[in-house]
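Asker: I'd like to ask some things about the structure below.
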Amino acid sequence: MTAHSQARLLIIDDEVQILRLLRHSLEAEGYEVHEARDGLAGLGKMTSLQPDAIILDLSLPDLDGLQVLGRLREWSKVPVLVLSVRDEENDITSALDAGADDYLTKPFREREMLSRVRAILRRGQGAREPAVVRFGDIEVNPAARRVRRAGVEVHLSTKEYAMLLLLVQHRGRVVTHRYIFRALWGPDAKEDTGYLRAYIIRLRQKLEANPSVPQYIRTETGIGYRLVED
């Protein structure tokens with residue numbers, strides 16, 4: 001067994017031969033290996049397995065690998081090694097810009113693949129995050145894009161969900177008005193705090209027991225908002 005024998009890896013790829021090769025090579029090094037053969041299954045297993053690293057193909061039968069990577073990076077910093085037949089510079093830079101930690105083209109050399117897996121595991125130490133965030137009776141499942149209150153699903157608009165996710169990602173810290181505007185509406189967005197307040201009010205109405213006296217989404221007057229996990 002190697003020093004990495006406890007590391008849990010998730011391979012998201014639909015090519016049987018590649019899965020077989022990767023499993024053989026990685027298990028021989030002592031890794032715990034799991035597989036998913038499409039993007040949605042991979043995102044689902046991310047929630048249940050909480051792997052230490054992911055090996056991701058870009059050509060999947062349901063979602064493009066970049067879509068999977070984008071959705072994953074909304075809530076997780078788990079290291080990702082992309083394995084793909086796409087070898088154009090634009091494909092490589094697009095994957096790295098979308099949040100991949102490394103990129104290796106197929107066909108690949110086994111020793112190089114193992115070396116890159118070790119490297120992303122070293123960089124990703126401590127990056128594992130809870131798959132589901134809970135505060136009070138609120139449950140936020142970023143992988144499934146699901147929010148529940150007391151076990152009942154809460155329906156949020158796309159922007160309401162994005163704002164909640166931003167607060168969840170920075171829970172316990174103040175998120176400034178400017179940061180929220182830039183993150184959700186882009187760097188050139190007009191910073192209308194009244195507009196922002198309207199979204200916060202709607203979130204509180206859907207999540208707080210008493211929206212006028214919020215327990216979780218607190219206002220930092222003149223600065224921004226903070227998600228408090230009481």
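Asker: Among the candidates A143, A198, single out the residue that is within 30 Å of G39 (Cβ to Cβ) and small (G, A, S).
Answerer: A143
Asker: Scan (1) part of a strand (DSSP E or B); (2) hydroxyl-bearing (S, T, Y); (3) surrounded by fewer than 16 Cβ atoms within 10 Å (Cβ to Cβ) for the single condition Y103 breaks and write down its number.
Answerer: Failing condition for Y103: (3).
Asker: Moving on to the next point. For the stretch 161-176, enumerate the residues that are in contact (Cβ under 8 Å) with a residue 60 or more places away in the chain and of a type in the set (K, R).
Answerer: none
Asker: Please go through (1) more than 19 Å from the chain's Cα centre (by Cα); (2) closer than 30 Å to E32 by Cβ; (3) touching a residue at least 24 places away in the same chain (Cβ under 8 Å) for R109 and return the number of the only condition it doesn't satisfy.
Answerer: Against the list (1) more than 19 Å from the chain's Cα centre (by Cα); (2) closer than 30 Å to E32 by Cβ; (3) touching a residue at least 24 places away in the same chain (Cβ under 8 Å), R109 comes up short only on (3).
Asker: Residues of the stretch 73-97 being touching a residue at least 60 places away in the same chain (Cβ under 8 Å), within 16 Å of I120 (Cα to Cα) and not polar (S, T, N, Q), which ones?
Answerer: Listed by number, the list holds a single entry, L83.
Asker: Moving to a separate point now. Search the stretch 143-202 for residues being under 18 Å from E229 (Cβ atoms) and of a type in the set (D, E, K, R), and hand back the single one that is nearest to the chain's Cα centre (by Cα).
Answerer: It comes out as R171.
Asker: For R118, work out the one condition from (1) among the charged types (D, E, K, R); (2) in contact with a helix residue (DSSP H, G or I) (Cβ under 8 Å, 6 or more places away or on another chain); (3) in contact (Cβ under 8 Å) with a residue 60 or more places away in the chain it doesn't fulfil.
Answerer: Of the numbered conditions (1) among the charged types (D, E, K, R); (2) in contact with a helix residue (DSSP H, G or I) (Cβ under 8 Å, 6 or more places away or on another chain); (3) in contact (Cβ under 8 Å) with a residue 60 or more places away in the chain, the odd one out for R118 is (2).
Asker: Also, I was wondering about something else. If you check Y161 against the conditions, is it outside the structural domain of A53 (by TED's automatic domain parsing), modelled with pLDDT under 85, of a type in the set (F, W, Y) and in a helix (DSSP H, G or I)?
Answerer: no
Asker: Among (1) within 22 Å of E74 (Cβ to Cβ); (2) not in a helix (DSSP H, G or I), there is one condition I120 misses while meeting the rest; what is its number?
Answerer: The single condition I120 does not satisfy is (2).
Asker: Additional query: Which one is nearest to A150 (Cα to Cα), of the residues in the stretch 171-230 that are at pLDDT 85 or above, of a type in the set (F, W, Y) and surrounded by 14 or more Cβ atoms within 10 Å (Cβ to Cβ)?
Answerer: Y216
The values are calculated or read from the model by the stated rules, or taken from the named source; none is laboratory data. Only a predicted model underlies this, so the values are computations on that prediction, with no experimental measurement involved. FYI the Cβ positions are ideal-geometry reconstructions off the backbone, even for glycines, and counts take in every protein chain you see.
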